[in-house]
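One structure below.
Readers should treat all values here as calculations from the given coordinates under stated rules, not as data from a laboratory. All of these numbers come straight from a predicted model, not from anything done at the bench. Every residue, glycine among them, receives a Cβ derived from its backbone with ideal geometry; neighbour counts consider all protein chains shown.
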Amino acid sequence: MIKGLLTASWLFLLLSISNLTPPLTHAEAIENSSRNAASVINVNTASAEEIAAVPGLGEKKSLAIIKFREKNGPFARIEDLKKVNGIGDILFDKVRPYITVKSDTTAKQPQK
């Protein structure tokens, strides 16, 4: 009876271990964290792809920002982004932590 109980315990242990996923390698962990943490971008110098990566903005909005920037010059204030067609107060408030118009983007990281 004890031998049967031990066998059943080992079997249960082996089955539970086999369902575990292997831990992430260091490189995988860094890659995943960099995908999730968007950095602050300068909308005056960023490419359309970089702008599209900002949470809340996509390809169409990024192209509208680039088009506005090319027509009117660089954004003087971050609030000027609301002058772009399709960017209102709600969207602006959502993307504000991720954008800047200043050249130094390393000092500020988005708050979560």
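Using θ = phi - 60° and the Karplus form 6.51 cos²θ - 1.76 cosθ + 1.60, what ³J(HN,Hα) does each residue of region 40-46 get, whole Hz, x for Gly and Pro?
Coupling constants for region 40-46: 6, 10, 8, 5, 7, 10, 6 Hz.
Once you list every other residue whose beta carbon is under 9 Å from the beta carbon of V101, what net charge do they have if Lys and Arg are +1 and Asp and Glu are -1?
Its environment carries a net charge of +1.
Name the residue from S62, V84, N44 whose Cα lies farthest towards the positive end of the charge dipole of region 39-100, charges +1 on Cβ of Lys and Arg and -1 on Cβ of Asp and Glu.
Of S62, V84, N44, it is V84.
Sorted from fewest to most neighbouring beta carbons within 10 Å, what does the list T100, T45 look like?
T45, T100
So how much slack lies between K67 and N44, counting 0.36 nm per residue of separation and subtracting their Cα-Cα distance, in nm?
Stretched fully, the K67-N44 segment lengthens by 7.1 nm.
Convex hull volume of the Cα atoms in region 39-100, per residue, in Å³?
Value for region 39-100: 69 Å³ per residue.
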